[in-house]
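Here is the structure we will look at.
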Amino acid sequence: MPQIAQIAATYASQIFWLLIVFGLIYFVIGKGMLPKIEATVDARDQKIASDLAAAEAARGAADETEAAYRARIEEARAAALKATQDAKSAATAEAEKRVKAADEALAAKAAEADAALKAAQAKALAEIENVAAEAAQEIVAKVSGIEVDKAAAEGAVKAALAA
Amino acid sequence: MAAESGKIDPMHQFMIEPLFGQGWSIAGHNIAFTNSAMWMVVTLAALLIFMIGGMKRDLVPGRWQAAVESFTGFVSGMMATNIGPEGKKFTPYVFSLFMFILIANIMGMMPTGVVGVHPFTVTSHLTVTGVLAVISFSIVLVVGFWRHGFHFFSLFVPHGTPGYMIPMIFVIELFSFLIRPFSLGLRLFVAMTAGHILMKVLAGFVINGINAGALTVAIVSIPSFILMIGITLLELLVCAIQAYVFALLTSLYLNDAINLH
C-alpha cells in the first residue's frame, strides 16, 4: 500500500501542498466568495419576502377598495329605491287627494242639483195647487154659480191632493 | 500481487511520483511537487472555476449560479440545523472542507486515463485525510476551550450520570472524543482506497480475461464489466457521501464544542 509505504518519504510534501491548496480554498473561496454568494441568496430571499408582503398589502388595499365600492353601490341602490318609493307614495297621496277633492266637488254639485230639483218640484207643486184652486173656483162658479173664495178652494185642493 | 496479474497493479494508482522540484525542501523535509500535489491544484482550479461561475450575483440566478447556490445553501443549511445561528462563523471552513473533498473524490474518478494522465485521488491518502481530520479536531478543541474553558470537560460527563459512574463514563467519553480525528481521517481514506482498488481489480479482470481468450471473455470479462459499471456508479455515490459525512461529522463535533450538548 503506497499510502503507508511511501509515507515517510512523502508526508512533508503532501502536508505542505495540502496546506497551501486548502489554505487557498479556505481564504479565497470560503472566506472571499462564499459570503458574497450567501449575501446574494439572502438579498434574494429578502426581496422575495418583501415583494410577497407588498403583494399582500396590495391585495388588502384592493379588498378594501372593493368593499368600499360595494358599500357605495349598496348605498346608492338604497337611495334610489327610497327615492322611487317616496315618489310613488307621494304620487299615490296626491292622486288620492285629487280624487277626494273631485269627489267632494261632485257631491256638492249633486247636492246643489238635488236642492234645485227639490225647489223646482216644490214650486211646481205650488203652481199646480194654484192652478187647481183657480180651476176649482171657476168650475164651482160655472157649475153652481157660487163664488168660492180663493182660500176655501185652496184648502179643498190641498185636501184632495193629500188624499 | 502485481506480478501474477500481468502489468496491472491495483495499488499503482496510489503511488506518489514527484513531477518537479525534487530538490525543494523546508527544514530538511522534501516538498517536491508530486502528482498528488498536482491533483490538489487541479481540484483547487476546478472548484475555483465552479465558484466563479456562481459569482454573477444575479437576482434571478442562471443555471450555474443556481448550482453554486444550491451547494452553499446545502452547507449553510447543514450548519444552521446542526449548530444553530452560531454555526454561521464556521460555514466557510466546512464549505471549503466539503467542496475540497467532494471535488478531489470526483477528480479521482475522472476518466483522464484515456488521454494518458493517470487520475489520482488525493483523498485516498492517509496523510491528506489525516491533516484534514487534525485541522477539524484542532478547531473543535480550540473553540471548545476558548468558549468554555475547563468547563469544556463537562462534555465528557453527560447529564444525569450517577456520581459513582462519573469516573468510568468520563474515561469512556474522553476516549471516544480522542478517537474522533482517527475515525474521521481513516473513514475517508479507507472508503476511497477500497473503492478504487475494487475498480482496478475488476478492470484487471476485464483486461486479463480479454487477453486469455474467448471463453474467459464470456465468463470473466463481461460479468466483470457489468459489475464495474455498477461499482463505478456506487463509487460516485460514495464520493459524495464521504464528503458529506466528513462535513457533517465536523459540524456535529463543532456543535459539541459550541453548545456543549
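The values are calculated or read from the model by the stated rules, or taken from the named source; none is laboratory data. Only a predicted model underlies this, so the values are computations on that prediction, with no experimental measurement involved. For neighbour counting, all protein chains shown are included, and Cβ atoms are generated from backbone atoms with ideal geometry for every residue, glycine included.
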> Only one of B:Phe120, B:Phe156 is closer than 30 Å to B:Ser36 by Cβ and of a type outside the set (A, V, I, L, M); which?
Replying inline: B:Phe120
>> Given the criterion more than 30 Å from B:Gln13 (Cα to Cα) and under 55 Å from the mean Cα position of the chain (by Cα), identify the matching residue among A:Glu38, A:Glu74.
In response: A:Glu74
> Name the pairs whose Cβ atoms lie under 8 Å apart, with the first residue in segment B:10-23 and surrounded by 14 or more Cβ atoms within 10 Å (Cβ to Cβ), the second assigned to a loop (DSSP other than H, G, I, E, B) and among the small types (Gly, Ala, Ser), and 6 or more positions between them or separate chains?
Replying inline: B:Met11/B:Ala2; B:Pro18/B:Ala32; B:Gly21/B:Ala32
>> Of all residues being β-branched (Val, Ile, Thr) and not in a helix (DSSP H, G or I) in segment A:134-163, which is surrounded by the most Cβ atoms within 10 Å (Cβ to Cβ)? Just the residue, please.
In response: A:Val148
>> Give me the residue from segment B:66-87 that is surrounded by fewer than 20 Cβ atoms within 10 Å (Cβ to Cβ) and at pLDDT below 90 and, out of that set, nearest to the other protein chains (Cβ to nearest Cβ).
In response: B:Pro85
> Which is among the hydrophobic types (A, V, I, L, M, F, W, C), farther than 27 Å from B:Gln65 by Cα and assigned to a helix (DSSP H, G or I), of A:Ala53, A:Ala43, A:Ala71, A:Ala49?
Replying inline: A:Ala71
> Is one or more of the residues making up segment A:126-133 under 44 Å from the mean Cα position of the chain (by Cα) and either under 30 Å from A:Ala159 (Cβ atoms) or part of a helix (DSSP H, G or I) (or both)?
Replying inline: no
> In the list B:Leu19, B:Leu59, B:Leu47, which residue meets the criterion of being more than 22 Å from B:Ala133 (Cα to Cα) and either assigned to a helix (DSSP H, G or I) or more than 10 Å from every other protein chain (Cβ to nearest Cβ) (or both)?
Replying inline: B:Leu19
>> I'd like to check something: does segment A:14-28 contain any residue that is of a type in the set (Val, Ile, Thr), touching a Pro at 6+ places or on another chain (Cβ under 9 Å) and at the interface with another protein chain (Cβ under 7 Å from one of its Cβ atoms)?
In response: no
> When you go through (1) buried (at least 20 other Cβ atoms within 10 Å of the Cβ); (2) of a type in the set (Val, Ile, Thr); (3) under 14 Å from B:Phe246 (Cα atoms) one by one for B:Val122, which number turns out not to apply?
Replying inline: (3)
> If you go through segment B:30-44, how many residues are facing chain A (nearest Cβ under 8 Å), touching a Leu at 6+ places or on another chain (Cβ under 7 Å) and of a type in the set (A, V, I, L, M, F, W, C)?
Replying inline: 3
> If you scan segment B:29-51, which residues turn out to be at pLDDT 90 or above and surrounded by fewer than 20 Cβ atoms within 10 Å (Cβ to Cβ)?
Replying inline: B:Met38, B:Val41, B:Ala45, B:Ala46, B:Leu48, B:Ile49, B:Phe50
>> Let me confirm something: among B:Val94, B:Val142, which residue is assigned to a helix (DSSP H, G or I) and either surrounded by 12 or more Cβ atoms within 10 Å (Cβ to Cβ) or in contact (Cβ under 8 Å) with a residue 12 or more places away in the chain (or both)?
In response: B:Val94
